[in-house]
Amino acid sequence: MDSVQLNTAGINNPYNIQQVNRNQSSAVTNPAAPKTEAKEYRPASYSSSVTVRTQLTTKDEKKKYKELMEELVEPKYKRKLEYALKSGKLLRNNSNDKSTVLDNLYKIVTEERDPGLDKNTILQECLDILANPYVITQTCEDIPKEYQKPVIGLITNLNTNPEKIMQAKWELDNMHTGTCPAASIEFDLATKHTAEFFRLVEGLTSPKHEVTKKIKLDSLSENTLDAVWLLNKFKTPWKKEGFDHATILLKPDENAIIRARIQNHHKDKGERSMIDVLMQSTFMQLGSQQTYNSLTDKRAPNDWTRDDGGLIEFEKTFVESVIEDKNTTSVIYQNVDEEGRLSGYTKDFGTIKKELLATLKAGHNIRILMTINQNRLR
């Protein structure tokens, strides 16, 4: 097996791994051809086994909350911490190791952080997200003039060619980022699996810039060998845990910390936070076979795409399945040709509207991915 594709029609069995027909052409709406009806998408209702608690009940919880409050100087952040408690978010424990949001915020301020990241700034960014997750953004940060020379040196590998230097500077000044799938997954994690989100924040902002996550292999595929093949194909650092589990190493690319450190002191309104930079880089690394570069916002082409930008549908679905530890899929509504042009739709607009509304009613966020060519699974 040298390539895979996802069964995007079967929502309950999304990781059907099979050989890809290399001669298969893009699906095009053609009135003369017999139509194949796509299966109706029926989203399962979102459910969470997390118990909502709004009161500190143990001495340990009260101690951690008190110390966090003492770390905060600005009254607005004290109010945001109070809101996190009263809303039930602070004591959620829907994380991989059952730690609560409170546990991870406490570790952020009491344990060592990356030397270029201020623990109080990280804590404030965490509270901003708890109060309003819509502050999460993919909008790229600018590189201040005092940092541009060393950053350009890293991008060009200290090349002295003036044209390459000018090209690198232009790219830095005109970067809009292709991390939209990663930012969408970040937002979904923050709103649906809040404690897990902040467990990742704690690990990524630590001196090691990493976090491990234990997942079920059947979250990737019903067939264990296929799940192992996927992990290896994506070059994911992992080790097997028993017969049906794996521990995954999640880590941003090595240049992400440079952007995060710059944002520690130079974040402008509307730009990505330190948390956004590290989280989105981690998801881009996971989906791009560990080839993402935060300085250029580019990844390497692979068996599934010839592009060097954001994640394609197949890669995004793999990242979602790992991060959520849940067998998931994407539903494709548009067909595109080999030139990336819209050539038709898989369903009529009425059905699309019905399925999108059903997804929202079931409690899910809708993540929209622009597919350049869905048949580049070659």
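Computed extension length for E210-F243: 9.4 nm, one decimal, from 0.36 nm per residue of separation with the Cα-Cα distance subtracted.
Our Cα-only numbers for region 195-338 put the radius of gyration and Dmax at 15.8, 48 Å.
Tell me which trypsin sites (Lys or Arg not before Pro) from region 114-217 have a DSSP coil assignment and no more than 11 other beta carbons within 10 Å of their own.
Numbers: sites: K119, K145, K164, K169, K192, R199, K208, K213, K214, K216; in loops: K208.
Within region 114-217, the qualifying trypsin sites (Lys or Arg not before Pro) (loop, at most 11 other Cβ atoms within 10 Å) are K208.
Our coupling estimate for region 350-366, obtained by passing each phi through the Karplus curve with A = 6.51, B = -1.76, C = 1.60 and θ = phi - 60°, is x, 5, 4, 4, 4, 6, 5, 5, 5, 5, 5, 5, 6, x, 9, 7, 9 Hz, Gly and Pro reported as x.
Among the listed pairs K214/K316; K251/K316; K233/K361; K80/K213, a Cα-Cα separation exceeding 25 Å is found for K233/K361; K80/K213.
Database remark: amide H of V211 closer than 5 angstrom to the amide H of L250 (H placed geometrically; neighbours at sequence offset of 5 or more, or on other chains; Pro and chain starts carry no H). Multiplying the residue separation of N157 and T224 by 0.36 nm and removing their Cα-Cα distance gives an extension gain of 20.0 nm.
Protection proxy ranking of 171-181, 58-68, by the mean of other Cβ atoms within 10 Å over each peptide's residues and highest first, is 171-181, 58-68.
Placing unit charges on the Cβ atoms only, positive for Lys and Arg and negative for Asp and Glu, gives region 86-152 a dipole magnitude near 280 debye about its Cα centre. Positive-end ranking of M279, H266, W304 along the dipole of region 249-334, with charges on Cβ about the Cα centre, is headed by H266.
Every number here is computed from the coordinates shown, using simple stated rules; none is lab data. No experiment lies behind these values; they were computed from the predicted model shown. Positions of Cβ are backbone-derived with ideal geometry, glycine not excepted, and every protein chain shown enters the neighbour counts.
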